[in-house]
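The values are calculated or read from the model by the stated rules, or taken from the named source; none is laboratory data. Predicted model only: the values in this text are computed from it and were never measured. Counting neighbours? That spans all protein chains shown, and the Cβs are built from the backbone with ideal geometry, glycine included. Ligands, DNA and RNA are stripped out before the accessible areas are found, and what is left, the full protein with its side chains, is counted by its heavy atoms. Shrake-Rupley method; radii C 1.70, N 1.55, O 1.52, S 1.80 Å.
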Amino acid sequence: MSTVTIDGSGVLLVDGSPVFPICVSNPPPLGRQAPSGKDGWQELQAGGVSFVRTGRSDWSAQQLDAQIAAERTLQDAAAQHGLHCWLWLGSLPNLPPAAAGQAPSPNEQLLRKIVAAFETHPGLGAYKGVDEPLHGGVPAAGLVRAYRVLRAIDPAHPVVIVQAPLGTAAELARYRLAFDVTGADIFPVAYPPGQHAGGANRDLSVVGDVTRKMVEAAGGKPVWTTLEIAWSGTTASRQHPDLVPRFPSLHDERFMAYQAIVSGARGLAFFGGHLIQIARPVDAKAGWNWTFWELVLRPLLIELTSTAVQPALVAPNAGTTVTAGAADVELVTRQDDRFVYVIAVRRDSATTRVRFSGLPPRHDGSPITDAQVLFEYVQDPLPPPIGAGRQTFRSVGVANGAFQDWFGPHDAHVYRFTL
């Protein structure tokens, strides 16, 4: 059994260790191979995935034993491969008011049986509540009742509710008592672009707008943002021939991931790898979009889960706030015992040098004089054998707590300053 809690900074703790959760929804079919020759779930875990969405929308009393057995197979596989399941409970966590002396509702009875089957399973990481309840017209009251039942039965695993990108922060805040973690799915890459959020901003930067709205709605609870591999707005079919398949590029996905983090996301999910109707034939045969994995998602996750970047994702926000000299550059400042981190993104179309100021001094009171730009490399200019194979992160100079760097459209940089 894994105990999953949340610390005061909104960071997920799995058995006490900080984790920046990265989830795929839905994962590849169990037992299928990735193009690398590895088991598909092994490939995901090796590439940086920590959670996979399992569960179902159609739990039923008539099929419950078979459904629990099928879910147990997935949970067993997750535990075997070092993953955790984000168990979708469908519409069950929506309970009517309890009447004195009456038996629990059918939904509650099923909910209790499912939780009893998995609460001690080592593959369980979190529960997924009703999907997009505000957009679906599901009132908060029934979800709050279900949340209280869930947490009373199983206090060791959080409940996560994902909303559509629609609605106001005030409307979304009504659900605050029904979750431990919330978030929204936001998929701006499509033809035409940006319609998923329903607002005026059709740019990739709508990801930050939606994430900040969810942070406001969460009232201090953590937020996970769901980004796209593919979705219904890009899934062409005979019924929808006007839809054109379109996928985010690595530059797109990297910007959206970092902008979500800058805007307050403490976890990321990636949806749509299972929508093989618009995948290449080799991927359709494999049951998952491994081409997108190889070209986009795996390179991004290698960066996010690296020993350099991952500490910045689980560090608390710094007491000192660094500011940018350009209005279209957004950033967050984080700090741990060794480093200050600045994660910065540019949401608009300018290409300029941007000045940052407000860095604190080192622990000994001396000024910070330089920074590393993580995952941007320079090679040692010395000839072999002295310089053979040496590479370092790009550096920028710091003076009086300030530095400058270039930013183009949808650029993202992660800076690390030694304390």
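Okay, here's what the table says:
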read-out	value
Between the range 402-419 and the range 321-341, the alpha-carbon center distance in angstrom	9 Å
Kirkwood Rh, Cα atoms: Rg over Rh of the range 139-259	1.04
Kirkwood Rh, Cα atoms: Rg over Rh of the chain	0.99
Per-residue ³J(HN,Hα) for the range 11-17, Karplus 6.51 cos²θ - 1.76 cosθ + 1.60, θ = phi - 60°, Hz, x for Gly and Pro	7, 6, 10, 9, 6, x, 9
Residues whose placed amide H lies under 5 Å from that of PHE339, excluding near-sequence neighbours	LEU419
The chain: angle of helix 64-80 to the longest principal axis, Cα-based, in degrees nearest 10	20 degrees
Helix-only CD estimate at 222 nm, as mean residue ellipticity for the chain, using -39500 (n - 2.57) per DSSP H run (n ≥ 4)	-7000 deg cm²/dmol
Within a Gaussian network of the chain (alpha carbon springs, distance under 10 Å), most fluctuating of ALA103, ALA315, ALA152	ALA103
Rg/Rh (Cα only; Kirkwood hydrodynamic radius) as it applies to the range 1-118	1.04
Choice from VAL354, VAL181, VAL130 with maximal GNM fluctuation in the chain (Cα, 10 Å cutoff)	VAL354
Between the range 69-84 and the range 196-217, the alpha-carbon center distance in angstrom	34 Å
Apportionment of accessible area to carbon and sulfur, the range 1-132, percent (1.4 Å)	48 percent
Under the Karplus curve 6.51 cos²θ - 1.76 cosθ + 1.60, θ = phi - 60°, whole-Hz ³J(HN,Hα) for the range 351-362, x wherever Gly or Pro sits	10, 8, 7, 10, 9, 10, 9, x, 5, x, x, 5
Tilt relative to the chain, helix 206-218 - C-alpha long axis, 0 to 90 degrees, to 10	60 degrees
Cα centroid separation, the range 103-173 to the range 220-294 (Å)	24 Å
Cα long-axis angle, helix 140-153 against the chain (0 to 90 degrees, to the nearest 10)	90 degrees
For VAL162, distant residues with modelled amide H under 5 Å away	GLY129, GLU132
Length added when fully stretched, ARG202-GLN239, from 0.36 nm per residue minus Cα-Cα	10.8 nm
Residues with amide H under 5 Å from that of TRP88, placed H, sequence gap 5 or more	THR54, GLY55, ARG56, LYS128
P(r) of the range 220-343 over all Cα-Cα pairs, binned every 5 Å from zero, in whole percent	2, 10, 17, 19, 16, 12, 9, 7, 5, 2, 1, 0
If the convex hull is drawn through the Cα atoms of the range 105-145, its volume per residue in Å³	83 Å³
Computed over the range 295-419, Cα set: Rg, Dmax in Å	15.2, 46
Pairwise Cα inverse-distance average, inverted: Kirkwood Rh of the range 158-223 (Å)	12.0 Å
ASP364-TRP406 FRET efficiency (beta carbon distance; Förster radius 41 Å; 0.05 resolution)	0.85
